[in-house]
Amino acid sequence: MASPINHVKEIVKRAALACGFDLVGIAPAADAPEHENFPEWIAAGHAGEMKYLEARDEQGGLKRSSLARVAPWARSVIVCAINYNTENPYSTQVNDADRGWISRYAWSREDYHDAVLRRVKQVEAALREAVRDESEPAVTTRSYVDTGPLVERIYAKYAGVGWIGKNTCIINQKKGSWLFLGVILTSIELAPDLPAPDRCGTCTRCIEACPTDAILAPYQLDSNRCIAYLTIEKRGSIAEDLRAGMGRHVFGCDICQDVCPWNRKAPASTAPEFNPRPGLVNPALDWLAEMRSGLRRNVAIAMGNSGDREFLPLLDKLAADEDESVSESARWAKAKLLT
Ligand code: B12
Ligand code: SF4
Ligand code: SF4
């Protein structure tokens, strides 16, 4: 007969699939060899201005370098993953310089944090109910999508959801890497799944394709060079030597996933929330120029990279923008188009 705790695991997994997750697995809450890289990554400055990644506990230890620092009660981590891919081209398949590129994850009708957390909360509720039914002692749980003090991808690997690719993304052999992760920390110990084996092999496509050389070495990403960071997280001006590499990217970047052979046959999501909002796939740059200032800065850079002088009047307008990072980027773009 199955032990009560394995019974709970079965209920949790069934609940996750019923809520629309494509993959679910259990990882031990223990530290893994990958955690050892985290302090070095922070010390090297690869987190850029994302200071929250550097949060420390009272002893001065980096919170994200060990779950024991932030959730010493946790025994297992339930990792859920949902596919957000849709049947639309990859950024590497369209090449229209007059249009910008918003990354795949941001096309959805609902913010992914909300769409994923709503499901994770349902799984958490199913877990709590199953434990109560099994007369287990009180259980502590915490659910997170993105914002928890842990490196979610490490737990995704040990939960068997996928391996950490050389582009640092979680890749599943059948589903590819267009996956959002959600995690539930729990004080009860569930039998862990097997870690997913690394299937990158000798491939280095992502490293070669990255236009800003952000993947310094396999599995090592410098956020300061990553277009996803530059277009979404970085405030103020963007270093000039990185602007040409940004091409027409205005929000996020998918290149290191677009070129990954494991995404060649990635299936489309069945979750309706991830259907793209009209206009967001490959949007016109002049339409985007009307948007909020972070985006206007990125649009100005993309216009500079387009080689199309028809953008000069719009860039004149952006050069008069009250936000200095927008006006300065527009001046740079004008100079680039005119040389
Ligand atoms: C900060 C952050 C970013 C930063 C930094 C990215 C990064 N690689 O760290 C920026 C803004 C650049 C970013 C970009 C993106 N992000 Co992000 N991001 C996060 C966040 C909040 C924290 C990640 C973190 O802690 N990074 C710290 C570094 C050290 O971790 P790491 O790069 O994963 O490195 C580990 C491995 O490489 C490992 N390692 C494994 N093997 C080996 C071997 C060797 C030799 C070495 C040295 C290291 C090593 O060591 C490291 C752990 O210490 C997570 C959510 C979370 N709470 O975890 C989402 C998360 C990772 N992001 C996500 C997504 C979707 C994206 C984007 C695709 C969005 C986009 N299209 O623009 C891109 C992908 C870019 C990329 N190639 O990673 C998803 C990833 C899903 C997936 N399938 O992997 C997450 C999990 C959010 C979620 N809940 O779904 N992101
Ligand atoms: S998301 Fe883009 S910029 Fe960042 S590592 Fe991947 S290819 Fe490079
Ligand atoms: S492109 Fe190749 S090396 Fe990069 S993550 Fe995919 S399989 Fe791994």
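The values are calculated or read from the model by the stated rules, or taken from the named source; none is laboratory data. This one's a predicted model, so the numbers in the text were calculated from it and none came from an experiment. Glycine gets a Cβ as well: all are built from the backbone with ideal geometry, and neighbour counts include every protein chain shown. To get the accessible areas, we keep the full protein, side chains included, count just its heavy atoms, and leave off ligands, DNA and RNA. Shrake-Rupley method; radii C 1.70, N 1.55, O 1.52, S 1.80 Å.
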Sparse-neighbour loop sites [GluC sites (Glu not before Pro); segment 272-339; at most 16 other C-beta within 10 Å; DSSP]: 290, 322
Stretched fully, the stretch from residue 56 through residue 121 gains (0.36 nm per residue minus C-alpha distance, one decimal, in nm) 20.7 nm
When only DSSP loop residues count, what trypsin sites (Lys or Arg not before Pro) in segment 197-236 have their Cβ near at most 10 other Cβ atoms within 10 Å? 235
Please report the accessible area of residue 17 (heavy atoms, 1.4 Å probe, ligands and nucleic acids excluded) in Å², nearest 10. 100
In Å and from the alpha-carbon atoms only, list the Rg and Dmax of the chain. 21.6, 76
Could you compute how much accessible surface residue 109 exposes when probed at 1.4 Å, giving the result in Å² to the nearest 10? 140
Once phi for every residue in segment 240-246 is put through the Karplus expression 6.51 cos²θ - 1.76 cosθ + 1.60 (θ = phi - 60°), the whole-Hz ³J(HN,Hα) values, with Gly and Pro written as x, are 4, 5, 9, 5, 4, x, 5
Candidates 215, 42, 171: whichever shows maximal mean-square fluctuation once the chain is modelled as a Gaussian network with Cα springs under 10 Å: 42
Sorted by accessible area (1.4 Å probe), largest first, how do 293, 66 line up? 293, 66
Counting only residues 5 or more places away or on other chains, whose amide H sits under 5 Å from the amide H of residue 179 once H atoms are built in the peptide plane? 84
Can you tell me how much longer the chain between residue 32 and residue 87 gets when fully stretched, taken as 0.36 nm per residue apart minus their C-alpha distance, in nm with one decimal? 16.2 nm
For segment 23-105, run through the GluC sites (Glu not before Pro) and keep only the ones in DSSP coil with at most 16 other Cβ atoms within 10 Å of their Cβ. 49, 58, 87
By the DSSP-based rule, helices of the chain that are at least 20 Å long along the axis (C-alpha) and have a mean Kyte score of at least -0.5 are 4-18, 324-338
What list of ³J(HN,Hα) couplings, whole Hz, do you get for segment 77-90 from phi and the Karplus terms 6.51, -1.76, 1.60, once you set θ to phi - 60° and write x for glycine and proline? 10, 8, 10, 10, 9, 10, 6, 10, 5, 10, 7, 10, x, 7
Can you flag which of 121/157; 51/234; 13/63; 166/265 are past 23 Å Cα-Cα? 13/63
Pop out the ³J(HN,Hα) list for segment 265-279 in order, Karplus 6.51 cos²θ - 1.76 cosθ + 1.60 with θ = phi - 60°, rounded to Hz; leave Gly and Pro as x. 10, 4, x, 7, 5, 9, 7, x, 4, 8, 4, x, 6, x, x
So for 264, 69, what's the accessible-area order with a 1.4 Å probe, most first? 264, 69
Once you place label points 7 Å from the Cα toward the Cβ at residue 233 and residue 95, how far apart are they in nm? 3.1
Per DSSP H run of n ≥ 4, the term is -39500 (n - 2.57); total these for the chain, divide by its residue number, and report the mean residue ellipticity at 222 nm rounded to 500 deg cm²/dmol. -9500 deg cm²/dmol
Any chance you could check the Cα centroid distance between segment 238-261 and segment 81-102 for me, in angstrom? 12
Reachable aspartates and glutamates from residue 174, Cα under 18 Å, same-chain residues fewer than 8 places away excluded? 22, 87, 193, 198, 258
Long-range amide H partners of residue 101 with built H, under 5 Å: 249, 250, 251
Could you give the dipole magnitude of the chain about its Cα centre, charging the beta-carbon of Lys and Arg +1 and that of Asp and Glu -1, in debye to the nearest 20? 500
